[in-house]
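Pasting in a structure now, in structure tokens, and then I'll have a few things to ask.
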Amino acid sequence: MAEAETGTTGEVQAKPASGWTRVSRGLTKFLIAAAIAYSMAAGYMYLNQRSFVFVPSGDLVAPEDKGLQNVSVETVEMADGTKTTVWTAAPAEDGLPTVIYFHGNSSNLSGRWQRFKMILDSGYGLYAPTYRGYAGSEGSPSETAIISDALEHFDRAAATGTPIIVHGESLGTGVATAVAAERPDAGLLVLEAPYTALVDMAFESYPWLPVGLLMKDPMKTRDRIGKVEPPVLIIHGTEDSIIPVEHGERLFEYASDPRELLIVEGAGHGDLWKRGLWDTVREKWSGMQL
């Protein structure tokens, strides 16, 4: 509180605040405003984080509308009663594998039809589930829920007796790795543009936030991949602007043998299939059968 002084008339007059006092008051107000703004930003990110991770969009069209005449659409009820949609097709020949395909975070299952056509044209089978909350499925997505569903889907596909290739695309690489870590009878794990962990990516994007405390779905692939017994094939592009290639390289270091890392020069996040990804997978599988 400012000191008071008595003038010649006997009146008490306030002594002007010093320069330091004014600066201190201004700094205090700034810090309070900054703390409020930071808390609001952290709160917003915490409450809305899943809308950044899971981005479903569009309608799920029929496979035949995309030229996939032999693909069936099945409604599969999960253990908790949630209904999910799966596109399935049996292998063309006995002994050929079925690819369980865990898609990325955007669009929906039918947006991957060109990839599915390449799989089917090779004679391989297809088992492609869509996540909770995405077109064709009930519920809301979360790490725990979609991994639980994925394990159920694997068991359902494996029950047919065909060899299984577990393929993860982008977000789906974390799901695929979690499945392969729990199901050693998988034949091959393919990771297309993977991440070490969603929490790692969040930290890289928001280093000013305590993401380790805020993340509901950290999806720590790096902690799971060392438990994977089947062979691991990691494919990543050097020009990936969504998930930097360093994630694939670091994930390779966490993986156990047998493992293989293919870095595609000049490839981005979504064009690995155009640059020979599927041929690489087929060659890998064929080589494993010798």
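The values are calculated or read from the model by the stated rules, or taken from the named source; none is laboratory data. Bear in mind that the values here come from a model prediction, so they are computed numbers and not experimental data. Cβ atoms come from the backbone with ideal geometry, glycine included; neighbour counts cover every protein chain shown.
Does ARG132 count as in a helix (DSSP H, G or I) and either modelled with pLDDT of 95 or more or surrounded by fewer than 18 Cβ atoms within 10 Å (Cβ to Cβ) (or both)?
no
Against the condition within 13 Å of the chain's Cα centre (by Cα) and surrounded by 15 or more Cβ atoms within 10 Å (Cβ to Cβ), how does ALA255 come out, does it pass?
When the stated conditions are applied, ALA255 does not pass them.
Which of (1) outside any helix (DSSP H, G or I); (2) surrounded by fewer than 22 Cβ atoms within 10 Å (Cβ to Cβ) is the odd one out, the single condition ALA186 does not satisfy?
(2)
Answer yes or no as to whether ARG115 is closer than 19 Å to VAL73 by Cβ, of a type in the set (Lys, Arg) and either crowded, with 18+ Cβ neighbours inside 10 Å or free of Cβ contacts under 8 Å to residues at least 40 places away in the same chain (or both).
yes
So, one more: How many residues does the range 54-97 contain that are under 22 Å from the mean Cα position of the chain (by Cα) and either on the phi > 0 side of the Ramachandran plot or part of a strand (DSSP E or B) (or both)? Show your work before the answer.
Of the residues in the range 54-97, the ones under 22 Å from the mean Cα position of the chain (by Cα) are 54-60, 78, 82-87.
Restricting the remaining residues to those that are either on the phi > 0 side of the Ramachandran plot or part of a strand (DSSP E or B) (or both) gives 55-56, 58, 83-87.
Count: 8.
Where the second residue is assigned to a helix (DSSP H, G or I) and among the β-branched types (Val, Ile, Thr) and the first is touching a residue at least 40 places away in the same chain (Cβ under 8 Å) and buried (at least 17 other Cβ atoms within 10 Å of the Cβ) and lies in the range 260-285, which pairs have Cβ atoms under 8 Å and are six or more apart or on separate chains?
Pairs found: TRP278/ILE119.
I'd like to know if the range 195-217 contains one or more residues that are surrounded by 16 or more Cβ atoms within 10 Å (Cβ to Cβ), at pLDDT 95 or above, in the same structural domain as LEU171 (by TED's automatic domain parsing) and over 15 Å from the mean Cα position of the chain (by Cα).
No, the range 195-217 contains no residue that is surrounded by 16 or more Cβ atoms within 10 Å (Cβ to Cβ), at pLDDT 95 or above, in the same structural domain as LEU171 (by TED's automatic domain parsing) and over 15 Å from the mean Cα position of the chain (by Cα).
Same structure again: Could you look through the range 98-136, keep only residues that are polar (S, T, N, Q) and touching a strand residue (DSSP E or B) at 6+ places or on another chain (Cβ under 8 Å), and pick out the one that is nearest to ARG156 (Cα to Cα)? Quick ask: steps written out before the conclusion?
Initial filter on the range 98-136 (polar (S, T, N, Q)): 98, 105-108, 110, 114, 122, 130.
Going one step further and asking which of them are touching a strand residue (DSSP E or B) at 6+ places or on another chain (Cβ under 8 Å), we end up with 98, 105-108, 130.
Values: THR98: 12, ASN105: 23, SER106: 25, SER107: 25, ASN108: 21, THR130: 15 Å.
In this case the residue turns out to be THR98.
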